Structures are given as C-alpha cells and as structure tokens.
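Asker: A single structure is presented below for examination.
The values are calculated or read from the model by the stated rules, or taken from the named source; none is laboratory data. Computed from a predicted model, the values in this text were never measured in an experiment. Positions of Cβ are generated from backbone atoms using ideal geometry, with glycine treated the same way; all protein chains shown enter the neighbour counts. The area values use the complete protein model at the heavy-atom level, side chains included, leaving out ligands, DNA and RNA. Shrake-Rupley method; radii C 1.70, N 1.55, O 1.52, S 1.80 Å.
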Amino acid sequence: MNKINLVMFNMSSYSEWQRGIQNRNYHILKTLLKNENIEKIVAIDYMPYNFKRFVKNYKENYLNNKLKVIKNGLFTKVYEIDKRLIVYSSVLPFISKNRFYSNLNKYLKVIKFNNYHLWSAYPLSIDYFDKLKQDLKIFDAIDNWSEHPAYNKIKNKIIKNYELISKKADIIFTVSDEMQSLFLNHDKVYWIPNGVDIKHYQQKYAIVNRDIGSIKKPIIGYVGTVQDRFDIDLVEFIAKENNDKSIVIVGPVWNNEIVDKLSKYSNIYFLGRKSYTEVPMYIQQFDIGIIPHKLDKFIKFTNPMKMFEYLACGKPIISSSGSGIEMFKESIHITNDYRQFNHHIQKALKEDNNKLIKERLEVVKEHSWLKRVDRMLEIIKQ
C-alpha cells in the first residue's frame, strides 16, 4: 500500500483536544498518525458556521494557542505539531468560503501536497468535496448531527448535506449501524463502531486525585458530557435508593438545571471535566459504570465510547438501551426500567469478582482504535 497523505476536516479544533476533549475524530486522527501507511496529515480545525463559534475559534485558536506557528495571517494560522501533522486553523469559512478554499489550495500547493485523500467528520458545510483536488473522498459520520439539540436551527441544512454526502463521497464510515440508513448508496457505506485505547485505560496510577479519592465507596460512576440526553430522573431515583453509596459524575455540564436538581442529594458528586490523561484513573475508582441515557432520536444514532472505556477498566456496566449497547449484551446489564436498573446495580456490586473482570477485559480486546483504523485503511485500499 502506497503511503497516504490526508486533508482532514475535523469536528473539533485541535486546541479543544489539547484541553482534554476527546471524541472519535480525535482518536482516529491520533491512531492514523501511528500507522506506517500514513505519510502526513493536514488537519483542518472545526470551521465556524455562526458568529458565536467565530469568536470562540478566534480566541482559542489564535490568541491563546502556544503551538509552533509556521504561517500567520489575520484570519488563518497554520501550526506544525510534528513532521507528520500540520493544523490549519481558520475563521475565514464564516467570512468567505471562497477565500478560505482558495487560500487552502494555495497552501497545499506550497507544501507539495499534490496527491491526497480528503477525510471529513464535519457535516455542517461540505463544499470541500467540490473545492479541493483530492484523489478519494471519505466521510466519517459521527452521530446524527441533524438530531443534535445544538444544531436545531440548521437541521434541514444538515439533512440536505447528508443527502449530498451520500452522492459525493467515495467511502462513508458510520459510527453506528443505524447511521447507515441516512445514506442511499449502501455499497459504499461501512459501519465502523467506536473503539478504545486499551493501554491508556489500563495504565496504573501511583496517586489518586483527592476529589475522588476522598469519596466514600462503593462508587456508582458516570463519565461523559451532562446534557439533555442525560436521564436526570433515573439518576435521582438511583440516588434516593442508594443513600449509602456515592454517585460520581465526571464530565462537563451543558445543562445547569441538572446540577440544580441533583445537588440537593448529598451522595451525588459533580467533579467536572477531566483531561483524557486523567479519565482512566477516575473510572478505575468506580465500582460500577452507568450509562443513564434517554432513548431519543439523537441517542438512537450514537455508539457511546464510555461503554468501551468502562469495559477496558474491567468495570460492570448498567445501561439504558441505545445504539450499539447490544454489541455487548452478554457483558452489560441493559434496561429502561428504573427499578430494574437499580436491581442490576445491587446485583453487580454483590456478585462482581475477578473472573467477571477478566471476561470484560477479554471481550473489549477486539475493539481497539488500532483495529478500527486498520479496518478503515483496508477498505480504502480495496
């Protein structure tokens, strides 16, 4: 297989990944860079589609970024992370898409990026398919953005973009089996679930952070963003039924009403966002990992990474139903009934043992990001 150059349109800015945000896009980029078949990647930061994001990008990617700058402009900065990764950060898409693509094409020409594949995880604007000169067009469908509450105002545009992606892309990867239904030509659509960096989650920590180390056990834990899909009523029910146990929530809170409602329970702890480096240490302190999500239109198309992460730490999991959960139905307790959910918690706490831990660690081995990316590159080669 000849070495591949990639121009990658991302669902996040590189500066966000530096601050600890992790998502499928981040893991795939990081894993691609470990692969000997990849020559170089030009990573395009999340393109602002409204004024609020324009301001955020300018502040975080320009004013406060300490990376090595190799090209400096009023609206565009280019950073060299290492010899194989360049980050192209621009707010020009909000001002003039034509200028943005013209400048990008000029830059790719300067660095002699003549033959490359285009790889995108960004569905808000798909002009890149027509404006760049790629050999192959790859789209990674990470969740159904048309059902994401943050994009309600442009929902119809995203739906239209998915239709166009179906026609224009040469290869489409989807995070969930259900996502395949968004695309018409199934011959070029491949379901590649999320994965996990197993070594990262099984590393040992000499010191445990005080904020979780001082919390009384057993710990019923959740890692992830606390937003509308978070089933506040279920977590409240668990807190009431388990006042002798601690419920620990690790992650940023997007909906402050959730904190307001749950803060009255003395056994619920909100520890906030933690860096990717720290997250395994927190999960390792859990006795049980929970996934209390509402089954709405957005969840239906997801494949929770926390499921893989809990398993990689050997933890028993209790989850409400959702896309991808059935992958591990032999290893995860799945129910939407609150009382049954709590029953599974009690049972798991009582019956967990070294044999079950080893079984979980064994079942997750085949779901590493390395194996996911190898499969993607195999499809590209074919």
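Asker: For the stretch 268-286, which positions are more than 21 Å from Ile21 (Cα to Cα) and open to solvent by 60 Å² or more (accessible area, probe 1.4 Å)?
Answerer: none
Asker: Tell me whether the stretch 60-81 contains one or more residues that are hydrophobic (A, V, I, L, M, F, W, C) and in a helix (DSSP H, G or I).
Answerer: Residues of the stretch 60-81 hydrophobic (A, V, I, L, M, F, W, C): 63, 67, 69-70, 74-75, 78, 81.
Adding the requirement that they be in a helix (DSSP H, G or I) leaves 63.
Among the residues of the stretch 60-81, at least one is hydrophobic (A, V, I, L, M, F, W, C) and in a helix (DSSP H, G or I), which makes the answer yes.
Asker: Look at Ile345 and say whether it is assigned to a helix (DSSP H, G or I) and either buried (at least 20 other Cβ atoms within 10 Å of the Cβ) or modelled with pLDDT of 95 or more (or both). Before you say what the answer is, go through the steps one by one.
Answerer: On the way: assigned to a helix (DSSP H, G or I): yes; either buried (at least 20 other Cβ atoms within 10 Å of the Cβ) or modelled with pLDDT of 95 or more (or both): yes.
Taking the combined requirement at face value, the residue satisfies it.
Asker: Okay, next question. I'd like to check something: does the stretch 32-52 contain any residue that is small (Gly, Ala, Ser) and either under 17 Å from the mean Cα position of the chain (by Cα) or assigned to a helix (DSSP H, G or I) (or both)? Give the derivation first.
Answerer: Within the stretch 32-52, the subset small (Gly, Ala, Ser) is 43.
Narrowing further to those that are either under 17 Å from the mean Cα position of the chain (by Cα) or assigned to a helix (DSSP H, G or I) (or both): 43.
Within the stretch 32-52, one or more residues are small (Gly, Ala, Ser) and either under 17 Å from the mean Cα position of the chain (by Cα) or assigned to a helix (DSSP H, G or I) (or both).
Asker: For the stretch 115-145, how many residues are assigned to a loop (DSSP other than H, G, I, E, B), in contact with a helix residue (DSSP H, G or I) (Cβ under 9 Å, 6 or more places away or on another chain) and either more than 23 Å from Asp296 (Cβ to Cβ) or hydroxyl-bearing (Ser, Thr, Tyr) (or both)? Explain how you work it out, then say what you get.
Answerer: Let us first name the residues in the stretch 115-145 that are assigned to a loop (DSSP other than H, G, I, E, B), namely 115-116, 121-127, 132-135, 142-144.
Pick out the ones that are also in contact with a helix residue (DSSP H, G or I) (Cβ under 9 Å, 6 or more places away or on another chain) and you get 116, 121-127, 132-134, 142-144.
Within this subset, residues satisfying the condition of being either more than 23 Å from Asp296 (Cβ to Cβ) or hydroxyl-bearing (Ser, Thr, Tyr) (or both) are 116, 122, 125-127, 132-134.
Selection size over the stretch 115-145: 8.
Asker: While we're here: Give me the residue from the stretch 15-39 that is within 22 Å of Leu377 (Cα to Cα) and open to solvent by 30 Å² or more (accessible area, probe 1.4 Å) and, out of that set, modelled with the lowest pLDDT. Give the steps one after another, and end with the answer.
Answerer: Going residue by residue through the stretch 15-39, those that are within 22 Å of Leu377 (Cα to Cα) are 22-39.
Applying the additional criterion that residues be open to solvent by 30 Å² or more (accessible area, probe 1.4 Å) yields 22, 26, 30, 33-34, 36-37, 39.
Values: Gln22: 87, Tyr26: 96, Lys30: 96, Leu33: 97, Lys34: 95, Glu36: 94, Asn37: 94, Glu39: 96.
Applying the filter and picking the extreme gives Gln22.
Asker: Given the conditions (1) in a loop (DSSP other than H, G, I, E, B); (2) open to solvent by less than 40 Å² (accessible area, probe 1.4 Å); (3) under 29 Å from Glu147 (Cβ atoms), and given that Tyr265 satisfies all but one, which numbered condition is not satisfied?
Answerer: Result: Tyr265 passes all but (3).
Asker: Taking the options Leu67, Leu29, name whichever one is within 22 Å of Ile111 (Cα to Cα) and within 20 Å of the chain's Cα centre (by Cα).
Answerer: Numbers: Leu67 fails: within 20 Å of the chain's Cα centre (by Cα).
None of the other options fit; the residue is Leu29.
Asker: Please state which of the following conditions Tyr62 fails to meet, knowing it meets all the rest: (1) open to solvent by less than 30 Å² (accessible area, probe 1.4 Å); (2) touching a helix residue (DSSP H, G or I) at 6+ places or on another chain (Cβ under 9 Å); (3) without any contact (Cβ under 8 Å) to a residue 40 or more places away in the chain.
Answerer: With (1) open to solvent by less than 30 Å² (accessible area, probe 1.4 Å); (2) touching a helix residue (DSSP H, G or I) at 6+ places or on another chain (Cβ under 9 Å); (3) without any contact (Cβ under 8 Å) to a residue 40 or more places away in the chain applied to Tyr62, the lone miss is (2).
Asker: So, in the stretch 281-308, how many residues would count as being part of a helix (DSSP H, G or I) and either farther than 16 Å from Ser331 by Cβ or in contact with a Lys or Arg (Cβ under 9 Å, 6 or more places away or on another chain) (or both)?
Answerer: First, the residues of the stretch 281-308 that are part of a helix (DSSP H, G or I): 281-285, 299-301, 305-308.
This time we only want the ones that are either farther than 16 Å from Ser331 by Cβ or in contact with a Lys or Arg (Cβ under 9 Å, 6 or more places away or on another chain) (or both), so: 281-285, 299-301, 305.
Within the stretch 281-308, residues that are part of a helix (DSSP H, G or I) and either farther than 16 Å from Ser331 by Cβ or in contact with a Lys or Arg (Cβ under 9 Å, 6 or more places away or on another chain) (or both) number 9.
Asker: List the pairs whose first member sits in the stretch 247-268 and is of a type in the set (Lys, Arg), whose second member is exposed (fewer than 11 other Cβ atoms within 10 Å of the Cβ), and whose Cβ atoms are under 6 Å apart, counting only residues at least 6 apart or on separate chains?
Answerer: none
Asker: Yes or no: the stretch 146-161 includes at least one residue that is open to solvent by 60 Å² or more (accessible area, probe 1.4 Å), aliphatic (A, V, I, L, M) and part of a loop (DSSP other than H, G, I, E, B).
Answerer: For the stretch 146-161, residues open to solvent by 60 Å² or more (accessible area, probe 1.4 Å), aliphatic (A, V, I, L, M) and part of a loop (DSSP other than H, G, I, E, B): absent.
Asker: Based on what the data block shows, is Lys306 of a type in the set (D, E, K, R) and in contact with a strand residue (DSSP E or B) (Cβ under 6 Å, 6 or more places away or on another chain)? Break it down stepwise before answering.
Answerer: Values: of a type in the set (D, E, K, R): yes; in contact with a strand residue (DSSP E or B) (Cβ under 6 Å, 6 or more places away or on another chain): yes.
Yes, satisfied.
Asker: Looking at (1) open to solvent by less than 10 Å² (accessible area, probe 1.4 Å); (2) touching a strand residue (DSSP E or B) at 6+ places or on another chain (Cβ under 9 Å), find the lone condition where Ser12 falls short.
Answerer: Ser12 satisfies every listed condition except (2).
Asker: Can you tell me which residue among Leu377, Leu370 is of a type in the set (A, V, I, L, M, F, W, C), open to solvent by 90 Å² or more (accessible area, probe 1.4 Å), out of contact with any Phe, Trp or Tyr (no Cβ under 6 Å at 6 or more places or on another chain) and within 25 Å of Tyr116 (Cβ to Cβ)? Give the steps one after another, and end with the answer.
Answerer: Values: Leu377 fails: open to solvent by 90 Å² or more (accessible area, probe 1.4 Å).
Of the residues listed, the single one that is of a type in the set (A, V, I, L, M, F, W, C), open to solvent by 90 Å² or more (accessible area, probe 1.4 Å), out of contact with any Phe, Trp or Tyr (no Cβ under 6 Å at 6 or more places or on another chain) and within 25 Å of Tyr116 (Cβ to Cβ) is Leu370.
Asker: For the stretch 312-331, enumerate the residues that are touching a residue at least 12 places away in the same chain (Cβ under 8 Å) and closer than 19 Å to Trp191 by Cβ.
Answerer: Start the filter on the stretch 312-331 by keeping residues that are touching a residue at least 12 places away in the same chain (Cβ under 8 Å), which leaves 312-325, 327-328, 330-331.
Answer for the stretch 312-331, where residues must be touching a residue at least 12 places away in the same chain (Cβ under 8 Å) and closer than 19 Å to Trp191 by Cβ: Ser321, Gly322, Ser323, Gly324, Ile325, Met327, Phe328.
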